[in-house]
Amino acid sequence: MTLLIPETYPKKLIDKNGKRLDGRALDELRPFKCKIGVLANAHGSAYVEHGKNKIYAGVYGPREVHPRHLARPDKGILRVYYRMSSFSVHERKSPAPNRREREISKIIEDALAPTLFLELYPNSAIEIFVQVIAADGGTRCASTTAASLALADAGLPLKSLVAGVAAGKVDGKIILDCGDIEDKAGQADIPAAIRMTDEEYTLLQFDGEMTPEELETAISYVKKGAREIFAKQTAAIKEKFERIRQETDAENKKIGKTDINPDDDMLGDEDSMDMPLELEKGLERVKEDKTKSSDKSSKPEKEVNTLKEESK
Amino acid sequence: MDTPQVISTVQKKYILDLLKKGKRIDGRQFLQFRDVKINADIIPKAEGSAEAYLGESFIITGIKYEIGAPFPDSPDEGVATCMTEFIPFASPMFESGPPDIEAVEVARVVDRGIRHGDCIQYKELCIVPGEHVYILFVDMYVMNYAGNLIDTGTISAMTALLSTKLPKAKMEDGKVVWDGKYMTIPINQIPLSITFGKIEDYIFIDPILDEELVMDGKLSFASNEKGQIVSMQKSGEATWSEEDVVKCSKIAVQKLNELRNTLNLRQYTPKL
């Protein structure tokens with residue numbers, strides 16, 4: 001494999017003003033954008049741009065398991081397929097899946113399974129396909145962010161969204177959200193993802209050298225970054241349903257129905273609904289979780305706001 | 001919302017009844033393409049890239065290169081290879097794993113379109129005859145499958161090739177090195193493709209998924225700006241009469257000229 005332009009890294013990754021290669025402060029996130037419902041066929045889908053990472057995630061399921069023997073009679077299984085496109089990196093990647101992609105698929109599975117009610121889907125599989133179109137460091141974190149959004153878009157009951165972001169160490173300083181070069185030339189990289197309702201880590205890896213004190217700072221940066229991403233994830237979901245509401249309103253106006261209150265329960269009395277037992281149990285658990293974490297879940301958003309104010 | 005995997009005989013009859021009335025299931029005319037949407041240069045680390053939508057069919061193509069040895073039978077020519085990957089989220093019918101025969105067919109047909117008909121000037125991609133040439137990888141990823149991947153793939157691949165910026169090579173002390181400048185891929189003719197679907201005696205272009213699942217077969221043509229046919233592919237069990245082939249080839253050239261003018265793919269060529 002001969003390439004004319006090799007990948008080179010600058011010697012210093014942080015300048016004398018404490019700014020990073022792309023002008024960011026040490027604890028600053030890269031530009032982040034996300035959207036749901038981007039693929040027409042998938043049951044749920046999401047697109048995430050995190051720095052120059054561009055990632056699509058699509059969800060199918062719950063559906064039949066292939067091959068059959070992988071099915072479990074007591075609960076559903078979650079399968080994640082993380083794949084990098086051949087052209088997403090500097091040197092063309094062979095299209096066949098490698099060991100790295102399999103490992104990352106597994107850790108994303110482990111990061112998202114704790115947000116699903118898999119016991120509701122015995123003998124079935126929920127499958128998430130993640131395709132990295134452009135890679136720019138931290139793809140596993142951005143992929144987890146995208147996969148979690150795709151699950152939400154598929155309408156599956158979730159305990160929480162998961163937001164992923166890495167922290168690291170370059171030139172002896174702790175930083176939030178390593179870019180490609182910082183990732184490759186830095187001294188440490190900590191990819192992480194957080195389940196946002198209770199702020200527990202669901203993905204955590206480490207590669208490099210750090211003191212426990214440095215690790216403490218790094219982890220606090222991760223939490224700050226994840227809260228910012230979480231705010232954009234929820235905004236993306238609201239945006240889609242706001243759009244649907246506007247379209248339905250316009251449609252209703254056209255056919256002359258103007259007095260529809262979208263908050264009305266269209267399904268009638270919930271208690272009289274004929275529901276399979278396990279689904280009913282599952283819904284009760286969602287309700288319980290909601291009431292339990294209601295004061296908690298409102299907290300992160302508030303703190304994101306205060307962070308924004310501080311940065312102003 | 002759910003993509004059909006199996007179409008019932010009722011659905012097939014419905015599509016056929018519509019065709020008999022001169023109508024199609026999505027309201028298009030028999031010889032009408034779906035809307036095309038293109039974005040070029042979307043991937044920073046690819047030398048060239050494009051996403052193309054034909055209706056809801058959606059393919060992203062990236063171009064990568066390496067410097068390697070030419071084929072022994074064409075020592076003074078560069079090489080281009082096409083690959084297609086069906087990403088499983090593109091359709092509930094796709095499974096994870098190596099490309100199946102359908103994916104290989106799409107890649108091969110697009111490949112033939114760009115290989116012949118004065119498209120890429122392979123001789124200009126040669127650095128030292130017999131030793132060093134540019135090898136181009138045209139990798140197509142199917143993001144959403146809504147019928148007619150061959151035509152979607154050709155539009156996506158041609159846009160990506162036209163948007164490509166390659167580092168220019170020179171020889172220094174017997175080694176190939178970068179001379180600090182960039183070049184575009186020399187492309188003389190832009191081939192595009194058109195696919196005819198056939199159900200019983202009805203022939204139409206650009207089949208959508210529902211039609212593709214019930215049709216008897218298809219016939220794809222690629223043609224260049226000179227109005228020449230540069231590749232053909234018949235697939236499926238339908239058989240085609242001599243008159244149909246001749247008639248379709250004429251429609252192909254005319255329709256593709258129209259499409260080429262509308263798309264104006266040269267606008268995606270980068271300024272160096």
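The values are calculated or read from the model by the stated rules, or taken from the named source; none is laboratory data. Keep in mind that what you see is a predicted model, and the values were worked out from it rather than measured. Neighbour counts are summed over all protein chains in view; Cβ atoms, including those assigned to glycine, are modelled from backbone coordinates with ideal geometry. Accessible surface is based on the protein model in full, side chains and every heavy atom, while ligands, DNA and RNA are left aside. Shrake-Rupley method; radii C 1.70, N 1.55, O 1.52, S 1.80 Å.
A few comments on the model shown:
- Cross-chain or 6+ apart pairs with Cβ under 8 Å, region B:156-170 first and within 9 Å of chain A (Cβ to nearest Cβ) and closer than 26 Å to B:ASN264 by Cβ, then of a type in the set (D, E, K, R) and buried (at least 21 other Cβ atoms within 10 Å of the Cβ): B:LEU166/B:GLU47
- Residues that are in a strand (DSSP E or B) and either of a type in the set (Asp, Glu) or in contact with a Pro (Cβ under 7 Å, 6 or more places away or on another chain) (or both), drawn from region A:126-158: A:ILE126, A:GLU127, A:PHE129, A:ALA134
- When region A:122-150 is filtered for residues that are away from chain B (no Cβ under 13 Å) and in contact with a Leu (Cβ under 8 Å, 6 or more places away or on another chain), the ones remaining, listed by number, are A:ARG140, A:CYS141, A:THR144, A:SER148, A:LEU149.
- Some residue of region B:84-105 being modelled with pLDDT of 95 or more, closer than 30 Å to A:VAL89 by Cβ and in a strand (DSSP E or B): no
- Test result for B:TYR141, touching a residue at least 40 places away in the same chain (Cβ under 8 Å), more than 20 Å from B:PHE33 (Cβ to Cβ) and either surrounded by 24 or more Cβ atoms within 10 Å (Cβ to Cβ) or in contact with a Ser or Thr (Cβ under 6 Å, 6 or more places away or on another chain) (or both): yes
- Of residues in region A:49-106 being aromatic (Phe, Trp, Tyr) and facing chain B (nearest Cβ under 10 Å), the one most open to solvent (accessible area, probe 1.4 Å): A:TYR81
- From the list B:ILE42, B:ILE67, the lone residue that is over 15 Å from the mean Cα position of the chain (by Cα) and free of Cβ contacts under 8 Å to residues at least 40 places away in the same chain is B:ILE42.
- Note on region A:1-14: residues that are free of Cβ contacts under 8 Å to residues at least 60 places away in the same chain and either within 14 Å of chain B (Cβ to nearest Cβ) or in contact with a Gly (Cβ under 9 Å, 6 or more places away or on another chain) (or both) amount to 5.
- Positions within region B:226-245 being touching a strand residue (DSSP E or B) at 6+ places or on another chain (Cβ under 9 Å) and either in a loop (DSSP other than H, G, I, E, B) or of a type in the set (D, E, K, R) (or both), in sequence order: B:LYS234, B:GLU237, B:ALA238, B:THR239, B:TRP240, B:ASP244
- Filter result for B:LYS175 (of a type in the set (Lys, Arg), within 22 Å of B:PRO270 (Cβ to Cβ) and surrounded by fewer than 19 Cβ atoms within 10 Å (Cβ to Cβ)): no
- Residue tally, condition without any contact (Cβ under 8 Å) to a residue 60 or more places away in the chain, within 14 Å of chain A (Cβ to nearest Cβ) and farther than 30 Å from A:TYR82 by Cα, over region B:89-132: 1
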